[in-house]
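In what follows, a structure is listed as structure tokens, so that the remarks can point back to it.
The values are calculated or read from the model by the stated rules, or taken from the named source; none is laboratory data. Worth saying up front: this structure is predicted, and the values here are computed from it rather than measured. Counting neighbours? That spans all protein chains shown, and the Cβs are built from the backbone with ideal geometry, glycine included.
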Amino acid sequence: MTESVTCQKCDAEIPAERFLDSDKVCPECGFHYPLTAHERRDLLIDDGTFDEFADDLYSVDFLEFPRYAERLETYRARTGLPSEMVTGTGAIGGCDVVLGVTDMHFIMGSMGSVLGEKIARCFEVGIERGLPVVIVSGSGAGARMDEGTVALMQMAKTSAAARKHADAGLLYISVVTNPTMGGTAASFVTLGHVIIAEPGAMIGFAGPRARAAIGEKMPPELQSAEALMANGMLDMVVPRAEMRATLLDLLYFVANKPPTTAL
Ligand SMILES: [Zn+2]
């Protein structure tokens, strides 16, 4: 029996193989499902060029927050990742870049001290090597409450790092995926020179649960990529299948030079 996936948006039954072939985009309704950090890296980066850095960083439970240590262990085992983000250098169509990718499958890709440090290192490596930075974000929870104020501080830290990179005259492309909420959306995610979202991505500060808690009613589509695009908050909405080609166009345009390897 062939395994299949039921689309959570349109209820279509999609054969598992077809779902993976379409890079986890529903072929019927176009809903974009989360990719793992490694799947995203493989989709964007030229084969064999990725050189990971900061892969020895992982979160610790420095506040002794209830169940945090246990949750970290669970997510490490489940994802095989030490933290919620993968960072490294690599090439996109022969253009060298620094790539950072958050992984929604690791505590919702929420931002703690490690994610903040990894983002900062992306910009620092970019400055050291004169490279553009591409960050692909997805964070259902924003700042990680298990790390308290230290998590919130990452908003300032990542913003300052992005500014230093920009001051060095280097390009930062922010790719936003579904969903990206809270402190990540309110810091490095929206500081890109070019901000690109996947179709249907929910992007905002207070998510539906936070709004419900304060009795605030708002149509959910107001936080969709398409609404943000219509209101001037995004530069592009690009389907997953066209993301690599779009990044290539931007990188070639800014680098003003032909690619160094075959596409
Ligand atoms: Zn669907």
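Take the conditions of a type outside the set (F, W, Y) and under 17 Å from the mean Cα position of the chain (by Cα) and apply them to V114. Does it pass? Yes: the conditions hold for V114. Among the residues of the range 13-49, those that are outside any helix (DSSP H, G or I) and farther than 25 Å from T180 by Cα comprise E13, I14, P15, D46, D47, G48, T49. Of the residues examined, R18 is one that is outside the structural domain of P239 (by TED's automatic domain parsing), out of contact with any His (no Cβ under 8 Å at 6 or more places or on another chain) and not aromatic (F, W, Y). Here C10 meets each of (1) outside any strand (DSSP E or B); (2) away from the ligand (no atom under 16 Å from the Cβ) with one exception, condition (2).
Condition check ((1) out of contact with any helix residue (DSSP H, G or I) (no Cβ under 9 Å at 6 or more places or on another chain); (2) crowded, with 18+ Cβ neighbours inside 10 Å; (3) without any contact (Cβ under 8 Å) to a residue 60 or more places away in the chain) across all residues:
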{"residue": "Y33", "(1), (2), (3)": "no, yes, yes"}
{"residue": "F53", "(1), (2), (3)": "no, no, no"}
{"residue": "L57", "(1), (2), (3)": "no, no, no"}
{"residue": "L63", "(1), (2), (3)": "no, no, no"}
{"residue": "S83", "(1), (2), (3)": "no, yes, yes"}
{"residue": "C95", "(1), (2), (3)": "no, yes, no"}
{"residue": "G100", "(1), (2), (3)": "no, yes, yes"}
{"residue": "G109", "(1), (2), (3)": "no, yes, no"}
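Considering the conditions (1) free of Cβ contacts under 8 Å to residues at least 24 places away in the same chain; (2) within 20 Å of V194 (Cα to Cα), V134 is excluded by exactly one of them, (1). Of all residues in the range 215-251, those satisfying the criterion of being outside any helix (DSSP H, G or I), under 18 Å from the mean Cα position of the chain (by Cα) and not hydrophobic (A, V, I, L, M, F, W, C) are S224, D235, P239.
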